[in-house]
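The values are calculated or read from the model by the stated rules, or taken from the named source; none is laboratory data. No experiment lies behind these values; they were computed from the predicted model shown. Cβ: placed from backbone, ideal geometry, glycine included. Neighbour counts: every protein chain shown. Note: areas computed on protein heavy atoms with side chains; ligands, DNA, RNA excluded. Shrake-Rupley method; radii C 1.70, N 1.55, O 1.52, S 1.80 Å.
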Amino acid sequence: GAVVSQHPSWVICKSGTSVKIECRSLDFQATTMFWYRQFPKQSLMLMATSNEGSKATYEQGVEKDKFLINHASLTLSTLTVTSAHPEDSSFYICSADTGGTYSGYTFGSGTRLTVV
Amino acid sequence: GENVEQHPSTLSVQEGDSAVIKCTYSDSASNYFPWYKQELGKRPQLIIDIRSNVGEKKDQRIAVTLNKTAKHFSLHITETQPEDSAVYFCAPNQAGTALIFGKGTTLSVSS
C-alpha cells in the first residue's frame, strides 16, 4: 500500500537552531501533504496543507515564517522549524491523501522534536 | 470549518465488554468518516472508515455507524481485549481535504 517515509524519527536541537523534517511518498505521487503537530496527551492539530509547486496554506495561529514548508516535487515535502524554542517541542507528523492510487490517507511515522 | 466533538474522553471497560465512542461534526459537506487508533509515540492507524452513502460497516469486532441527518458517527468495539487499549480519534472530512481530528478517547481495557 501507499507509504510515506518520514525522517528523522527523533531529533534534539538547541534553542535558536533550525530543524528540517522530510516526508517522502515512496510508491505514489503526493500532490498534497498535510502537516500536523501533536503535543503530549492531545490530539493531532493541522498546521498546514502543502501543495506541490505552490505555497502552503497555513491554519490560523500557525506562523508561516517559523514553520517553512516546501513541496517542490510530487514525492517530497519538507517542514523546517526555524529558530526553534522549547515550546516547539512536539510530535510532528505528515499525511498524504493517496487519492486515486489507493484509498484513504497515509501517515508518516512522525518526528519527535525536542528543543533544549 | 469542521467542528468535531468526541465523547467520552476516557473509557474504561472490562475485557470482553463492548465499547462505544461517539463523534459529532458540524460540516454537512463531510462525506468521509474514519476512526483511527493511536498507540503512544506512533502514527495513527486507520481501523475502520465509512463513506456517506453507507449507514453501517463492520469488520470483525469493530463497526462504525453513521447518522448523516444528525451529523454523528460512532465506533463500536465488541469483545474488547487488552490490546485494544489505546487512544481513538475520529476525523470526519470531505475526501481529499485535511483530516480534522477529534480530541480523542483513551480506552483502557482491563483483564
(message) Which residues, if any, in the stretch A:72-99 lose at least 10 square angstrom of accessible heavy-atom surface (probe 1.4 Å) when the other protein chains sit next to their chain rather than the chain being alone?
(response) A:F91, A:I93, A:D97
(message) So if I restrict to the alpha-carbon atoms in the stretch A:60-116, what is the Rg, and what is Dmax, the biggest pairwise distance, in Å?
(response) 13.5, 42
(message) Can you tell me how the protein assembly as shown classifies by the Cα gyration tensor, rounded, prolate or oblate, using a/c under 1.5 as the rounded cut?
(response) prolate
(message) Along each principal axis of its Cα atoms, how long is chain B end to end? Whole angstroms, biggest number first, please.
(response) 41, 28, 20
(request) Take the cross-link list B:K42/B:K68; A:K20/A:K55; B:K37/B:K57; A:K41/B:K42; B:K37/B:K58; A:K55/B:K22 and give me the ones stretching past 24 Å between alpha-carbons. (result) B:K42/B:K68; A:K55/B:K22
(message) Below 8 Å, C-alpha to C-alpha, sequence gap of six or more: please give me the relative contact order for chain B in percent.
(response) 37 percent
(message) For B:K103, give me every one of the aspartates and glutamates with a C-alpha distance below 16 angstrom, ignoring sequence neighbours fewer than eight places off in its own chain.
(response) B:E2, B:E5, B:E39
(request) Can you send over the carbon and sulfur percentage of the accessible area for the protein assembly as shown, probe radius 1.4 Å, protein chains only? (result) 49 percent
(message) Using a 4.7 Å cut-off between beta carbons, which cysteines in chain A end up with no partner cysteine at all?
(response) A:C13
(request) Tell me the label-point distance for the pair B:E39, A:S18, using the 7 Å Cα-to-Cβ offset, in nm and rounded to one decimal. (result) 3.7 nm
(message) Can you give me the Rg/Rh ratio for chain A, using Cα atoms for both radii and the Kirkwood formula for Rh?
(response) 0.95
(message) List the residues of the stretch B:84-111 for which accessible area in the full set of protein chains is at least 50 Å² lower than for the chain on its own; 1.4 Å probe, protein heavy atoms only.
(response) B:G96, B:A98, B:L99, B:F101
(request) Just reorder A:W10, A:W35 by solvent-accessible area, largest first, 1.4 Å probe, all chains present. (result) A:W10, A:W35
(message) Taking θ = phi - 60°, what integer Hz values does the Karplus form 6.51 cos²θ - 1.76 cosθ + 1.60 yield along the stretch B:101-111, in sequence order, with x for Gly and Pro?
(response) 8, x, 6, x, 10, 8, 9, 10, 10, 9, 9
